[in-house]
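No lab work stands behind these numbers, since they all come straight from the coordinates. Predicted, not measured: the structure shown is a model, and the values here were computed from it. Cβ atoms come from the backbone with ideal geometry, glycine included; neighbour counts cover every protein chain shown.
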Amino acid sequence: MAEPSLIPDDLLRQIIGVGQVDLLIGLTTYQHATTAGDVAAAVRACWRTHFPRLRTALLNVDGGSSDGTPLVVQHAWDDGTRTAGVPSGLRTTHCITSVVPEITDPGRGTRVLLAAGDLLQAGTIVVLDADALLAPGGIAALAAGVRDHGADLVAPVYTRPAGDGLLVTQLVRPLVRAAFARRLQEPLLPEFACSGRLAAQCTQAAWTANAAERGTHFWIAAQALSGAFALHQCALGPRNVVAGRARQSLQELFGLVVGSVFAGLDAHSDAWLGRSGSEPIAGSTAGPDEGPQAEPPSDGSRLLQSFAQDVANLTEILRTILGPDTLAGLLAASAEPGSAEFPDPLWAATLADFLTAYHRAVMRRTHIAQALLPLYMARSGAFLLAHRGSTAGAVEEADETLGACLEELKPRIVERWAQPA
Amino acid sequence: MSTPPVPGWYKDAVFYQLHVKTFCDSDNDGVGDFRGLTTKLDYLRDLGVDCLWLLPTFPSPFRDDGYDIADYYAIHPGYGTLEDFRAFLDAAHARGLKVITELVTNHTSDRHPWFQEARSSRDNPRRDWYVWSDTDDKYDGVRIIFLDTEPSNWAWDPVSKQYYWHRFFSHQPDLNYDNPAVREEMWNVMKYWLDMGVDGFRVDAVPYLIEREGTSCENLPETHDVLKFLRGKLDEHFDNKVLLAEANQWPEDVRPYFGDGDEFHMAFHFPLMPRMFMALRLEDRKPIVEILERTPVIPDACQWGIFLRNHDELTLEMVTAEERDYMYDEYARDPVARLNLGIRRRLAPLLDGDRRRIELMNGLLMSLPGSPIIHYGDEIGMGDNIYLGDRNGVRTPMQWNGGWNAGFSGADPERLAFAMISNAVYGYQAVNVAAQERTEHSLLNWMRRLIRVRKSSRVFSRGSLQFLSPKNHRVLAYIRALDGEQVLVVNNLAGSVQAVELDLKALQGLVPIEMFGHSVFPRIGEWPYLLTLGPYHFYWFRLRRV
């Protein structure tokens, strides 16, 4: 059955009115009235300061907010145009708002943004996160990666405190590094820039991509990593996530992330199975945050409390997913009461085996992702305990070690990939 | 045949600016003259213009191409005699053409007898006809207009050992209008030429007549006293003359020069002109809409003078720094083309010789509010020579045919006042009147047609202006209306095909009839009116109830 058009009629009319743009800045929102105005104001300031001559549009795809989010965006944009005494700029500016009900997650909203960018023939598309406030200079830096460096995908690099973003540093990043042989720091692309060329590719490819794959922005990274696209990374400093917004539970988030990463890797395996080692990606890196380290949000020991019980409960499932040696290692690691060790090689093997199991669909794929969660929590707990008080530099070295570990298991992944379910 | 004067004729007129020096040379000395100009009056009549504006033809040392006047009561011998001028005037009037000349009020040449007398001694009766100071720090902070050549607004006079004030070149000392004798004499100058039959004056550099400490020395209230004096004298003695102000200022600062209908009849709309070029390059109507929405209402008997180019550089004084940088980057990449906060290029080279863009810009010129002024040669798409120095590159000889000196002069080419344009693109062999008269679809014939269509309705010259705001910002659309007649003008500022939906609900039931081909378009209904336009195309629709 043909998928309904991504672009509703009212959005299409607005796109026709705008015509072509050089720079499209996109924002998907749902109940973001408290943050979206600041984001729109930052976009406007970025345009006036850094790109005053470019044909620019801000596109807000809203999932049907009941808190007035689209109006907040529009007002913040219009206020910027009417500041008394400030020249309004050379060009007509465009703030396009489209309400597309049922789009409440970023991945799906981004599909609309990229499709609109394709129609607008945008040379550069920047996709922002409505939950975070990126300074005008940061927006400009993302766009500059495409405009000035010729990149097709510009991924952010954040200055992360030790222990922050473990789902990325312990799971997503090393998997992507091992698979695609590229050291992409933030494969989930909380905010990013892409070329019109990549947007066109994603727009076409997304029609065939499955729903699981489209849950996050990873499918865009996967497109870029798989094809002949130039990648670039851009240091944006600390990530300024706005506090107080309702967040998904860890279980929901984990399922979404792991599901989209596994699905994406599975869909693009032709591109990466033959690759080995890993290469850095051009651009600036953030460097470790050597400032005073805040206490990690979670207590490592608490995350390890149910490790042994979880492994015991999941043994039969794990026997189907994991290789015998991996399972043995897991049983041994969890057997010691209060054990706080989950070594890198074991975790790397666990990730490798889960990935191949997902590909081979040894069981229902959603169950595979669910089964990984308690193991991830144990690994996170062990990692936090092992690096309590460590500097950010030391943590970064540890992340590098894990990545190298998983890289070395690439042949194992390739071998198991071909095995029948 | 003379026609009875029409009150406010200047509101309906199409003006044509020309330089006698470079229009037509009858005695083959390399310099155009009035006898030569007289032989071209039929051409000008057939073009469809109504009023000729002549650059200065007074005796002058020509250090500023005649704007440095040495005698207000004569004609420079190079251009002919007073008799030649009178004969030209009569011939122009016989063809229904009016003539306005320059009135350079702000300054004279330093060779003018007035200044020669004034500087001879501090006690000379004419001393106070100019502005003197013992130091050069009076009126500190006043901007310098000719930035590229003048370091100061004061120049040292070694004869009388004082500084004299000059807002333009140092060889053009400013007259002192605080002196009633100066005002009276300037009126005498005006009356002299008006008695001879000229139809008015383009008054040069009006904002700078008066100086006061602690001010910008521009647009001062006392300036308007001077102007009201001159206008009062004019109205007292003559009917149906026009005073056209050159005041390169923001629209709200030009407004006072109309007074309450008791100062200037017309004033140039300087800020609109660069914005037309900006809008074209940006493919965005914003610059044009913003400046016209900012333009104040003027007295009913008054009129704006709008233009694309003139004898000076394309001035970028009345734009923001950002806009100026943009214009330089887009229209004057060769720094030699830049002069005095402006760009010294003609219309066609500015538009890369693109016939479509030339037509669009002329379409805007003829349909926006104001009386249009055509710079000589732009009707055939003449080129320029930015290497000629000062602004002479846009004042090169008129190209009449592909023969000897383009038919401008029989002199040796080396003797010409300014060299002919001779390159393969804009040279006189390629661009000339004779060739275009032979070609049905030439730019010249198109311009004739454009002027004819404009003059077919007074809505363009006297009508109101209402902008439409379609979502497509590349389309500039507006309605001109007068006494129940309405014309819809739609311009595609982009180089690509455009679709536009116009909200014409208020005009429901009217039928648009395209004014060039008289094609009938679908009746306006309640739904948005869809039009498509080719690259740089425009429509003029007369809206009729059928």
Worksheet item: If the label point is 7 Å along Cα→Cβ of B:TYR387, which residues in the range B:337-358 have backbone nitrogen under 14 Å from it?
Response: B:337
Item to complete: Could you please state, rounded to a whole Å, how far the C-alpha centre of the range A:231-282 is from the C-alpha centre of the range B:517-538?
Response: 51
Discussion item. At 7 Å along Cα-to-Cβ for each site, give me the label-to-label distance between A:LEU373 and A:ALA282 in nm.
Written reply: 4.2
Worksheet entry | Paramagnetic label zone (point 7 Å from Cα along Cα-to-C-beta, B:ASP235; backbone N under 17 Å) in the range B:250-278 | B:256-267
Discussion item. Rounded, prolate or oblate, given the Cα gyration tensor of the protein assembly as shown, with a/c below 1.5 counting as rounded?
Written reply: prolate
Fill in: Karplus-derived HN-Hα couplings along the range A:139-151 (A = 6.51, B = -1.76, C = 1.60, θ = phi - 60°), whole Hz, x at Gly and Pro
4, 5, 5, 4, 5, 5, x, 7, 5, 9, 9, x, 6
Worksheet entry | Residue exposure sequence - A:HIS387, A:HIS75 - by fewest surrounding Cβ within 10 Å | A:HIS75, A:HIS387
Fill in: chain B, helix-only ellipticity at 222 nm - DSSP H runs n ≥ 4, -39,500 (n - 2.57), divided by all residues, nearest 500
-7500 deg cm²/dmol
Item to complete: For A:SER390 paired with B:GLU222, estimate the spin-label separation in nm (one decimal), with each label point 7 Å from Cα along the Cα-to-Cβ line.
Response: 8.2
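Rounded to the nearest 0.05, what FRET efficiency do B:ARG333 and B:SER456 give with R0 = 51 Å and r taken as the Cβ-Cβ distance? Could you check?
Details: r = 40 Å, r/R0 = 0.78.
Calculated value: 0.80.
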Worksheet entry | Estimated FRET transfer efficiency (B:LEU465, A:ALA228; beta-carbon r; R0 51 Å; 0.05) | 0.45
Worksheet item: In whole Å, how far is the Cα centre of the range B:270-298 from that of the range A:340-355?
Response: 66
Worksheet item: Where does helix B:180-196 land angle-wise versus the long Cα axis of chain B, in degrees 0 to 90, nearest 10?
Response: 60
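Taking Cα pairs under 8 Å and at least six residues apart, what relative contact order does chain B come out at, in percent? If you can, show how the numbers build up before the last one.
Values: 1158 pairs, mean separation 68.6, N = 546.
Worked out over chain B, it gives 13 percent.
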Worksheet item: Which residues' amide hydrogens lie under 5 Å from the amide hydrogen of B:ASN248, considering only partners 5 or more residues apart or on another chain, with H built in the peptide plane?
Response: none
Worksheet item: Nearest 0.05, what FRET efficiency do B:ALA419 and A:ALA418 give at R0 = 60 Å with Cβ-Cβ as r?
Response: 0.15
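Which whole-number percent gives the relative contact order of chain A, counting Cα pairs below 8 Å spaced six or more residues apart? The partial results should precede the final answer.
Numbers: 741 pairs, mean separation 69.2, N = 421.
Over chain A, the number comes to 16 percent.
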Practice prompt. Note down the nm distance, to one decimal, between modelled labels 7 Å out along Cα→Cβ at A:ALA33 and at B:ASP136.
Written response: 6.6
Discussion item. Using only the alpha-carbon atoms, how far is helix A:36-50 inclined from the longest principal axis of chain A? Give it as 0 to 90 degrees, nearest 10.
Written reply: 70
Worksheet item: Out of residues 5 or more away from A:VAL157 or on other chains, whose amide H comes under 5 Å of its own, with H placed 1.01 Å from N in the peptide plane?
Response: A:CYS234, A:ALA235, A:LEU236
Worksheet item: For the Cα atoms of chain B, what angle does the longest principal axis make with the long axis of helix B:355-367, in degrees from 0 to 90, nearest 10?
Response: 80
Discussion item. For the range B:388-455 and the range A:96-167, what is the centre-to-centre distance using only Cα atoms, to the nearest Å?
Written reply: 55
Response to the item:
Residue separation between A:ARG53 and A:THR315 times 0.36 nm, minus their alpha-carbon distance, gives in nm 88.2 nm
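Express in nm, to one decimal, how much length is gained between A:LEU331 and A:ASP67 on full extension, taking 0.36 nm for each residue of separation and deducting their alpha carbon distance. Walk me through the numbers before you get to the answer.
Working: separation 264, 0.36 × 264 = 95.04 nm, distance 4.95 nm.
Value of the extension gain: 90.1 nm.
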